[in-house]
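Below you'll find the structure, written out as structure tokens, and then a few comments.
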Amino acid sequence: MPKMKTNRSAAKRFKLTGTGKLKRSKAYKSHILTKKSTKRKRNLRRPTMTDETNVKNMKKILPYLK
């Protein structure tokens, strides 16, 4: 059986926390920032956890994520 391939785009976007949860960064922070409030942009800086409904799929495309 050949080795499984890691989805490289997902590997760059997701990290595993110490407790085994998937950490991701938030979207909507790349352009058209003038109409967004300072508070909204500040909150987009902080990382968040991946929703439980998506974790199973993410672990499937990231087989070697420890």
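Think of the chain as having a plus end and a minus end, set by charges on the Cβ of Lys, Arg, Asp and Glu; of Tyr28, Tyr64, Asn54, Tyr28 sits farthest toward the positive end of this dipole.
Would you mind working out the accessible area per residue for the chain, using a 1.4 Å probe, and quoting it in Å²? Walk me through the numbers on the way to the answer.
Numbers: 5930 Å² over 66 residues.
Accessible surface, normalised per residue, equals 90 Å².
The 3J(HN,Hα) values that the Karplus relation (6.51, -1.76, 1.60; θ = phi - 60°) gives for segment 3-16 are, in residue order, 5, 7, 9, 7, 6, 5, 5, 6, 4, 7, 9, 10, 10, 9 Hz. Gly and Pro appear as x. Here's the list of lysines a cross-link from Lys26 could span, going by alpha-carbon distance under 25 Å and ignoring same-chain residues fewer than 8 apart: Lys12, Lys15, Lys35, Lys36, Lys39, Lys41, Lys56, Lys59, Lys60, Lys66.
Return the carbon/sulfur percentage of the accessible area of the chain, one whole number, probe 1.4 Å, all protein chains in place. Each step should come with its number before you reach the end.
Numbers: 3210 of 5930 Å².
Summing carbon and sulfur atoms, their accessible area is 54 percent of the total for the chain.
Normalising the average separation of contacting C-alpha pairs (under 8 angstrom, six or more residues apart) by the number of residues puts the relative contact order of the chain at 41 percent.
Would you kindly state how much longer the chain becomes between Lys41 and Arg13 on full extension, computed as 0.36 nm times their sequence separation minus their alpha carbon distance, in nm to one decimal? Write down the numbers at each step before the final one.
Values: separation 28, 0.36 × 28 = 10.08 nm, distance 1.90 nm.
Here the answer is 8.2 nm.
Treat every Asp and Glu Cβ in the chain as -1 and every Lys and Arg Cβ as +1, leave all other atoms uncharged, and give the resulting dipole magnitude about the Cα centre to the nearest 20 debye. Don't skip to the answer; put the middle values down first.
Details: 23 positive and 2 negative charges, 75 e Å.
Result for the chain is approximately 360 debye, rounded to the nearest 20.
Nearest 500 deg cm²/dmol is fine: what mean residue ellipticity at 222 nm does the chain get from its DSSP H runs of n ≥ 4 alone, each adding -39,500 (n - 2.57), divided by its residue count? Could the numbers behind the result be given before it?
Numbers: 3 runs with 24 residues, N = 66.
After summing the helix terms and dividing by the residues of the chain, the value is -9500 deg cm²/dmol.
Axis of helix 52-61 versus longest Cα principal axis of the chain: the two differ by about 50°, to the nearest ten degrees. Site pair Tyr28 and Lys5 shows an inter-label distance of 3.4 nm when each label is modelled 7 Å from Cα along Cα→Cβ.
Taking 4 °C and 1.567 mPa s as conditions, segment 15-66 diffuses translationally at an estimated 102 µm²/s according to Stokes-Einstein applied to its Kirkwood radius (Cα pairs).
The values are calculated or read from the model by the stated rules, or taken from the named source; none is laboratory data. Computed from a predicted structure; not experimentally measured. FYI the Cβ positions are ideal-geometry reconstructions off the backbone, even for glycines, and counts take in every protein chain you see. The accessibility values were calculated without ligands, DNA or RNA, using every heavy atom of the protein model including side chains. Shrake-Rupley method; radii C 1.70, N 1.55, O 1.52, S 1.80 Å.
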